[in-house]
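*Asks:* Here it is, the structure in full.
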Amino acid sequence: MTEEGSKDEERALLVAQINSLDEQQQRYLECDVVDKHNEDMTCLCDALRVDQSQSCYRLRRFNLIKEKKEDELEEEQQTQQQAAGQQSMAMELQHSKHMQKLKDQRDRLHSVKRVTGETIETQFTPEELLGMMLNYSRGLAQDFAEQPVKDAVITVPAFFNQAERRAVLQAAQMAGLKVLQLINDNTAVALNYGVFRRKDIDNTVKNIMFYDMGSGSTTATIVTYQTVKTKEAGTQPQLQIRGVGFDRGLGGFEMDLRLRDHLAKLFNEQKKTKKDVRENHRAMAKLLKEAQRLKTVLSANVDFMAQVEGLMDDIDFKSKVTRTDFEDLCADLFDRVPGPVQDALSTAEMNLRHLPTAAVLLFHGSLFSC
């Protein structure tokens, strides 16, 4: 019994030692885990500190770049404003010099008159002549409206440059007119067409060409009409100038001059006088008037008898002119007629398929009545 009891005690002591070792090992393992966790947290905090410092650096750098860009933008705006101010001052100075030069020239021209025989000749500038025409037109408008006219909207050719438009403004100023707006004549025609045909304009795109052959120039304009819906005004018609083509030297007056010279040639060939009719300005003016009438008649007739009573030295002129003769005289001008149309189509990036036959309108009618 004694031996068995001692063995049991030894066994129990051994089990107690093993349990003690297990508990100590478990504590060691737990301490290792805690230490490892602490190390991970320390690394994470360090990483966060690094990221925070980098973010602060990026933010400061972004703010610096932003401030620099704002300074550059402000400096650029100031430079542009200064340049615009200098340009405006230069334009005002140039305009004032031009006006002073015009005034001096007008005073000089008015003060100097050339005496030729029994006539006195006075020279005028183009601005003065246009001012006289505007003043006369204002008188007609006042008689029709039965009230004074002080404001005006003036139309100018589409090919006028800034100098020509400035000359028109100066002429209006001489005539005592306040110009509300300078508008291109082709745009005015397109606007007038749209105003009186409002019912024909809908949301479908409608292209129309306006062909204007005037006395001294020819213009072709392609206009698009369409209704547009806006928040402010609702559905409203709108026009857009898509393309413009022009020929500054193609017009009915050049045809009149060629036909006048042809009549003068026919008169000289008749040899009714030894004088050359081309040297007599009054006779040439009579032939020009007859040429204008003859051009209109030949647009509907094959031939016509041109006649002028007392053309020169109480000599009457009478000669037959055919349409073929007129076409031969103006053959090169007729070849230039399609030029503005092609230029307008090229500018609008369109072709004739975009323009129905009914969508081509002719106005002014220098050659034919349309």
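None of the figures in this text is laboratory data; all of them are computed from the coordinates on show. None of the values given here were measured: they were computed from a predicted structure. Note that we place each Cβ from the backbone using ideal geometry, even for glycine, and neighbour counts take in every protein chain shown.
*Asks:* What is the order of ASP303, ASP185, fewest Cβ neighbours within 10 Å to most?
*Replies:* Going from sparsest to densest Cβ surroundings: ASP303, ASP185.
*Asks:* So, counting K/R as plus one and D/E as minus one, what does the shell of residues with Cβ under 13 Å around GLY339 add up to?
*Replies:* -2
*Asks:* Right, something else. Past 20 Å, Cα to Cα: identify those pairs from LYS274/LYS295; LYS206/LYS231; LYS295/LYS320; LYS265/LYS286, in the order given.
*Replies:* Checking Cα-Cα distances, LYS274/LYS295; LYS206/LYS231 exceed 20 Å.
*Asks:* Local charge sum around PRO237 (other residues, Cβ-Cβ under 12 Å, Lys/Arg +1, Asp/Glu -1)?
*Replies:* Neighbourhood net charge equals +3.
*Asks:* Using a 10 Å cut-off on Cβ atoms, rank the peptides 212-220, 160-168 from the highest mean neighbour count down.
*Replies:* 212-220, 160-168
*Asks:* Right, next: Tabulate in residue order the Karplus-calculated ³J(HN,Hα) for the stretch 200-216, using 6.51 cos²θ - 1.76 cosθ + 1.60 with θ = phi - 60°, rounded to whole Hz; enter x for Gly and Pro.
*Replies:* Per residue, the Karplus-derived 3J(HN,Hα) values read 7, 9, 9, 6, 8, 5, 10, 9, 9, 9, 9, 10, 10, 9, x, 6, x Hz.
*Asks:* Compare the peptides 235-244, 69-78 by average per-residue count of other Cβ atoms within 10 angstrom and give them in order, highest first.
*Replies:* Result, highest mean Cβ count within 10 Å first: 235-244, 69-78.
*Asks:* Work out how much length GLU92 to VAL179 would gain on full extension: take 0.36 nm times their residue separation and subtract the Cα-Cα distance, in nm to one decimal.
*Replies:* Stretched out fully, the GLU92 to VAL179 stretch lengthens by 29.5 nm.
*Asks:* Follow-up. Full extension from LYS275 to GLN78: what is 0.36 nm times the residue separation minus their Cα-Cα distance, to one decimal in nm?
*Replies:* Gain in length upon complete extension: 63.7 nm.
*Asks:* May I ask you to order 147-153, 203-209, 256-262 by the average number of other C-beta atoms within 10 Å around their residues, highest value first?
*Replies:* The peptides rank, most packed first, as 256-262, 203-209, 147-153.
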